[in-house]
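What follows is one structure encoded as structure tokens, with my remarks underneath.
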Amino acid sequence: MNLFADIRDVILNCLDQLVAEGVLPGGLNTDPITAEPPRDPAHGDMATNAAMVLAKPAAMKPRDIADALAAKLTDDPRITSAEVAGPGFLNLRLAPSVWQGIAGAVLAEGTDFGRGSLGAGRRVNVEYVSANPTGPLHVGHTRGAVFGDALASLLDFAGFDVTREYYINDGGAQVDVLARSVYLRYLEAHGQEVAFPDGTYPGDYLIAVGEALKAKVGDAYLDKGEQFWLEDVRNFATDAMMDLIRADLKSLGVEMDVFYSEKSLYGTGRIEAALEDLKGKGLIYEGVLEPPKGKKPEDWEPREQTLFRSTEHGDDVDRPVMKSDGGWTYFAPDIAYHYDKVQRGFDLLIDVFGADHGGYVKRMKAAVSALSGGKVPLDIKLTQLVKLFKNGEPFKMSKRAGTFVTLRDVVDQVGPDVTRFVMLTRKNDAMLDFDFDKVLEQSRENPVFYVQYAHARVSSVLRKAAEAGMSLDDAALAQADLTLLDHEAEIALLRKIGEWPRLVEIAARTNEPHRVAFYLYELAGEFHGLWNRGNEVPSLRFLQEDNPKATMAKIALARSAAIVIAAGLGILGVTPAQEMR
RNA sequence: GCACCCAUAGCUCAGCUGGAUAGAGCGCUGCCCUCCGAAGGCAGAGGCCUCAGGUUCGAAUCCUGAUGGGUGCGCCA
């Protein structure tokens, strides 16, 4: 159930009646009409802009519409009052039973409360991480992984049929570099002294791979030219790297549905097929690009290349799909990959890239637009940089200095739950500060702690109730007399809980999972606020001695909050805490 | 040179398909514990929403331009 949608329907019905009665003209566009929580709770429980939105098209004064609408609305038993305010807002007050019913709905539906129908079963493919299989994941990948995973879960919760996908860049030159680097480690495993020239990967993580290669092939590749070992070592090494990456992802709790290999596109005619499709649309041609302005094009020489006319689909310049030496550019397999996604019948595609790939957004969108005939939207979300701090001091990340911070470093130090939550406390397109010390602080300043603490407090209440002999499962709590929850502070918490379905819809529509994190912080704030009121007002405490009926109702409320927190944390991929330590 | 992202309180940031007096945390000021719910609570001060135009009944939100910061820009992925 979504209370805001329900009340909006009531408003629309009333408007229909007014049209039928001739008060309002017919044929009005009702799309802009909203039912939303008012900024100031003193204004009531819900506000609608209907009168203001309709005033102009209906050629009437907002107040006249508002007055007529108000009279109709109060016919509904759920709406106790409707007041015209400000420039023409209609502030509604709802019967307490409406809010009390929220707790009942949450207890009945459990963590499915708020599950939406926005997606309507449409199939969406969310591609994220997609790091090159040349080493362990670092902090930047971590943000992309957390963001993509939370977005996928959010869309699932909003009613989409979600596929989580990882594109393995195992077809380009960088995996040859990887193979050569592993070969050096292989020689090293055989006792040889080796140096790592520029353009190879010197990381320690390849030592074990070199040894594993030795264990597999013995001395078969010693003193042999590349032509003897390159392909085999490349496969061996990329498999090893993907195992490493999969393990990294697992430590964060990320599990992909599909790992899609770039290599599988080569030599199978699939790149050719995708480009043939574009060619058939007249979007492939031979031409020479202008040199980029600004940077000195010292080594620039005009060359004729095979180009994709991406400017036809909103890009700034056309993009090469074939190098002057006749090989594919990286863009060609990317086109083929997205062609494949379109062919697989997804209704919507989402790519999550790091900010350094911002330059590819337009061309990828152009490609998908062209390939799908504009039918399949591609949304590309960029995750901005993560700046690391330790004790408030910037923490520089450098491969050379050996302070290369990996996903594993972060997860080992602060745990997957904290990592995930903190990574989602910013919009994806803003930079994020990540302080190893602050994220572990236990204070209101730390949203992870604050939200977890709220959930743990509810668990604590339930434990204490159990000790007092009140064993209460959700089904039993649903039988509680919720009309006892009549205090303004209790209604305030119910009101916040009631916003959850609406929040899910907004977050899913905008592809912004960080909204869930902020909502949970607010919800936790309401809960802690109620808890604290219990210090001064004993009747607000959750456990009421010698009054099992009231206790039952209050626990039902607390449990409802905990269920929504658990559902929200579930979307973020964070485990709700039963107790704080 | 061009493209994309960012700019909101002293600091770090929220702010819904445009809505009412722009919010939170931290910091600051002042109150509140002899135990039982203070790893806290209550209250207050603090704003030209970077700037200049425009659209609108109404703009932090949309459009145009400027300024400052970030990222990227053929034959790497």
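The values are calculated or read from the model by the stated rules, or taken from the named source; none is laboratory data. Please read all numbers here as calculations on a predicted model, not as lab measurements. Glycine also receives a Cβ, built like all others from the backbone with ideal geometry; neighbour counts cover every protein chain displayed. The accessibility values were calculated without ligands, DNA or RNA, using every heavy atom of the protein model including side chains. Shrake-Rupley method; radii C 1.70, N 1.55, O 1.52, S 1.80 Å.
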Item to check | Count of residues meeting criterion [buried (at least 16 other Cβ atoms within 10 Å of the Cβ) and within 37 Å of the chain's Cα centre (by Cα)] in the stretch A:189-201 | outcome: 2
Item to check | Residues within the stretch A:189-212 that are in a helix (DSSP H, G or I), farther than 23 Å from A:S264 by Cβ and in contact with a helix residue (DSSP H, G or I) (Cβ under 6 Å, 6 or more places away or on another chain), tallied | outcome: 5
Next on the checklist: Restricting to the stretch A:531-563, name every residue that is in contact with a Gly (Cβ under 7 Å, 6 or more places away or on another chain) and away from RNA strand B (no atom under 15 Å from the Cβ).
Outcome noted: A:I563
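Restricting to the stretch A:268-291, what's the tally of residues that are acidic (D, E) and either within 36 Å of the chain's Cα centre (by Cα) or away from RNA strand B (no atom under 16 Å from the Cβ) (or both)?
If we filter the stretch A:268-291 for residues that are acidic (D, E), which is where we start, we get A:272, A:276-277, A:286, A:290.
Okay, now just the ones that are also either within 36 Å of the chain's Cα centre (by Cα) or away from RNA strand B (no atom under 16 Å from the Cβ) (or both), so A:272, A:276-277.
Going through the stretch A:268-291 one residue at a time, the tally reaches 3.
Among the residues of the stretch A:368-380, is any touching a residue at least 60 places away in the same chain (Cβ under 8 Å), closer than 13 Å to A:E127 by Cβ, out of contact with any His (no Cβ under 6 Å at 6 or more places or on another chain) and open to solvent by 10 Å² or more (accessible area, probe 1.4 Å)? Before the answer, list the steps.
Residues of the stretch A:368-380 touching a residue at least 60 places away in the same chain (Cβ under 8 Å): A:370-371, A:379.
Filter once more, so that each one left must be closer than 13 Å to A:E127 by Cβ: A:379.
Then drop every residue that is not out of contact with any His (no Cβ under 6 Å at 6 or more places or on another chain), which leaves A:379.
Right, trim to open to solvent by 10 Å² or more (accessible area, probe 1.4 Å) and you get A:379.
Looking through the stretch A:368-380, at least one residue is touching a residue at least 60 places away in the same chain (Cβ under 8 Å), closer than 13 Å to A:E127 by Cβ, out of contact with any His (no Cβ under 6 Å at 6 or more places or on another chain) and open to solvent by 10 Å² or more (accessible area, probe 1.4 Å).
Here is a yes/no grid of residues against (1) more than 10 Å from RNA strand B (Cβ to nearest atom); (2) open to solvent by 40 Å² or more (accessible area, probe 1.4 Å); (3) closer than 18 Å to A:A562 by Cα; (4) not aromatic (F, W, Y):
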residue	(1), (2), (3), (4)
A:L462	yes, yes, yes, yes
A:A465	yes, no, yes, yes
A:D473	yes, yes, yes, yes
A:L482	yes, no, yes, yes
A:D486	yes, yes, no, yes
A:L493	yes, no, yes, yes
A:W500	yes, no, yes, no
A:L503	no, no, yes, yes
A:A508	yes, no, no, yes
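Matching residues to (1) in a loop (DSSP other than H, G, I, E, B); (2) open to solvent by 10 Å² or more (accessible area, probe 1.4 Å); (3) more than 30 Å from A:T200 (Cα to Cα):
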residue: A:A66; (1), (2), (3): no, no, yes
residue: A:R93; (1), (2), (3): no, yes, yes
residue: A:E109; (1), (2), (3): no, yes, yes
residue: A:V129; (1), (2), (3): yes, yes, no
residue: A:A152; (1), (2), (3): no, no, yes
residue: A:L155; (1), (2), (3): no, no, yes
Checklist entry - For the stretch A:365-385, does any single residue satisfy the condition of being part of a loop (DSSP other than H, G, I, E, B) and within 8 Å of RNA strand B (Cβ to nearest atom)? => result yes
Checklist entry - Mind checking whether some residue in the stretch A:317-325 is touching a residue at least 40 places away in the same chain (Cβ under 8 Å) and either touching a helix residue (DSSP H, G or I) at 6+ places or on another chain (Cβ under 8 Å) or within 10 Å of RNA strand B (Cβ to nearest atom) (or both)? => result yes
Next on the checklist: Could you go through the stretch A:347-363 and let me know if any residue there is more than 9 Å from RNA strand B (Cβ to nearest atom), part of a helix (DSSP H, G or I), of a type outside the set (G, A, S) and out of contact with any Pro (no Cβ under 8 Å at 6 or more places or on another chain).
Outcome noted: yes
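Looking at A:K399, A:K438, which one is modelled with pLDDT under 85 and more than 10 Å from RNA strand B (Cβ to nearest atom)? Explain how you work it out, then say what you get.
Working: A:K438 fails: more than 10 Å from RNA strand B (Cβ to nearest atom).
Within the list A:K399, A:K438, the selection yields A:K399.
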Checklist outcome for this item: Filtering the stretch A:18-47 for residues that are surrounded by 20 or more Cβ atoms within 10 Å (Cβ to Cβ) and closer than 20 Å to A:V98 by Cβ leaves a count of 5
Item to check | Residues of the stretch A:48-61 satisfying the condition of being near RNA strand B (Cβ under 6 Å from one of its atoms) and either of a type in the set (S, T, N, Q) or surrounded by 21 or more Cβ atoms within 10 Å (Cβ to Cβ) (or both) | outcome: A:N49
Item to check | Pairs with Cβ under 7 Å, 6+ apart, first in the stretch A:1-17 and open to solvent by 80 Å² or more (accessible area, probe 1.4 Å), second among the small types (G, A, S) | outcome: A:M1/A:A105
Item to check | A:K279 in a helix (DSSP H, G or I), at pLDDT 95 or above, surrounded by fewer than 20 Cβ atoms within 10 Å (Cβ to Cβ) and charged (D, E, K, R) | outcome: no
Checklist entry - What number of residues within the stretch A:34-47 are in a loop (DSSP other than H, G, I, E, B), at negative phi and within 8 Å of RNA strand B (Cβ to nearest atom)? => result 5
Checklist entry - Can you pull out the residues in the stretch A:162-188 that are of a type outside the set (A, V, I, L, M), surrounded by fewer than 19 Cβ atoms within 10 Å (Cβ to Cβ) and farther than 24 Å from A:S264 by Cβ? => result A:E188
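Can we say A:L307 is closer than 20 Å to A:V124 by Cα and either more than 6 Å from RNA strand B (Cβ to nearest atom) or assigned to a strand (DSSP E or B) (or both)?
Working: closer than 20 Å to A:V124 by Cα: no; either more than 6 Å from RNA strand B (Cβ to nearest atom) or assigned to a strand (DSSP E or B) (or both): yes.
Criteria not met by A:L307.
Residue-wise test of (1) hydrophobic (A, V, I, L, M, F, W, C); (2) more than 22 Å from A:V126 (Cβ to Cβ); (3) open to solvent by less than 40 Å² (accessible area, probe 1.4 Å); (4) at pLDDT below 95.
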residue: A:G225; (1), (2), (3), (4): no, yes, yes, yes
residue: A:V233; (1), (2), (3), (4): yes, yes, yes, no
residue: A:F236; (1), (2), (3), (4): yes, yes, no, no
residue: A:A240; (1), (2), (3), (4): yes, yes, yes, no
residue: A:R246; (1), (2), (3), (4): no, no, no, no
residue: A:K250; (1), (2), (3), (4): no, no, no, no
residue: A:D257; (1), (2), (3), (4): no, no, no, no
residue: A:S264; (1), (2), (3), (4): no, no, no, yes
residue: A:G267; (1), (2), (3), (4): no, yes, no, yes
Item to check | Odd one out for A:D334, checked against (1) within 30 Å of A:I571 (Cβ to Cβ); (2) more than 10 Å from RNA strand B (Cβ to nearest atom) | outcome: (2)
